[in-house]
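Colleague: Encoded as structure tokens, here's the structure I'll be asking about.
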Amino acid sequence: MNEAEELLRAALTRVSSGLAEHVLRVADEAARLATIHDVDRDAARIAALGHDILRAHSPERLLQIADEQGYAADAVDRMEPILLHGPLAVAILREQYKVIDADVLGAVAAHTTARPGMTKLQKLIFIADKI
């Protein structure tokens, strides 16, 4: 287990049991799908463990984090701040959890709404989160 994975697993002890269980199920499913679709299992596991790192925050707190990060939240983000939890997690994963893989960070950013041009890993995390 690498440092990022250890830190992300430790972070799960600070969220609700329901959210922690969801994240672990997504990590298991991501690893399973990675094997089938020839995607790096370690990258899939890290992306899955980090995908909801900000999910428990209130809408108000997510908007505050967006302001702190200088993130240009659009009108939709402001109406539904929960959509920000993926994109805003990128800076936190990079700074606090030592995640540097651009594909992993892209998977976390896009896991809620998806986006055009997603990589195999990014699609895999999107699907693992939904199923």
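The values are calculated or read from the model by the stated rules, or taken from the named source; none is laboratory data. Predicted model, so just to flag it, every value in this text is computed and none were measured. Glycine also receives a Cβ, built like all others from the backbone with ideal geometry; neighbour counts cover every protein chain displayed. SASA here: full protein model, heavy atoms, side chains in, ligands and nucleic acids out. Shrake-Rupley method; radii C 1.70, N 1.55, O 1.52, S 1.80 Å.
Colleague: In region 1-98, which trypsin sites (Lys or Arg not before Pro) are in a loop and have at most 16 other Cβ atoms within 10 Å, using DSSP for the loop call? Intermediate results must be reported in sequence, preceding the final value.
Modeller: Details: sites: Arg9, Arg14, Arg25, Arg32, Arg41, Arg45, Arg55, Arg61, Arg78, Arg94, Lys98; in loops: Arg55, Lys98.
Passing both the DSSP loop test and the Cβ count: Lys98.
Colleague: Explain nothing, just compute: Karplus ³J(HN,Hα) = 6.51 cos²θ - 1.76 cosθ + 1.60, θ = phi - 60°, for every residue of region 120-131 in order, whole Hz, x for Gly and Pro.
Modeller: 3J(HN,Hα) across region 120-131, in whole Hz: 4, 4, 5, 5, 4, 5, 4, 5, 4, 5, 7, 9.
Colleague: Can you tell me the mean projection area, over all orientations, of the convex hull of region 1-51's alpha carbons? Units nm², please.
Modeller: Values: hull surface 12.5 nm².
Its Cα hull, projected and averaged over all orientations, spans 3.1 nm².
Colleague: Sticking with this one: In what order, largest first, do Ile46, Ile100 sit by accessible area if the probe radius is 1.4 Å?
Modeller: Ranking Ile46, Ile100 by accessible area, largest first, yields Ile100, Ile46.
Colleague: Mean separation of Cα pairs under 8 Å and 6+ residues apart, divided by the residue count of the chain: what relative contact order is that in percent?
Modeller: Across the chain, relative contact order equals 28 percent.
Colleague: Counting heavy atoms of the protein chains only and a 1.4 Å probe, report the per residue accessible area for region 31-131 as a whole number of Å².
Modeller: 51
Colleague: Would you please name the GluC sites (Glu not before Pro) within region 1-66 that are DSSP coil residues with at most 13 other C-beta atoms within 10 Å of their C-beta?
Modeller: none
Colleague: Give me the net charge of Val15's neighbourhood, meaning all other residues with Cβ under 11 Å from the Cβ of Val15; Lys, Arg count +1, Asp, Glu -1.
Modeller: 0
Colleague: So, one more: Can you give the extra length, in nm with one decimal, that the chain gains between Ala72 and Thr119 once fully stretched, where that is 0.36 nm per residue apart less the Cα-Cα distance?
Modeller: 14.5 nm
Colleague: Once you have the Cα-Cα distance between Asp40 and Ser16, take 0.36 nm times their residue separation minus that, and quote the gain in nm to one decimal.
Modeller: Length difference between fully extended and current span is 5.8 nm.
Colleague: Could you quote the convex hull projected area for region 45-84, Cα atoms only and averaged over all directions, in nm²?
Modeller: Result: 2.9 nm².
Colleague: Compute the orientation-averaged projected area for the chain from the convex hull of its Cα atoms and round it to one decimal in nm². Don't jump to the answer; show the numbers that get you there.
Modeller: On the way: hull surface 30.3 nm².
Its average projected convex-hull area is 7.6 nm².
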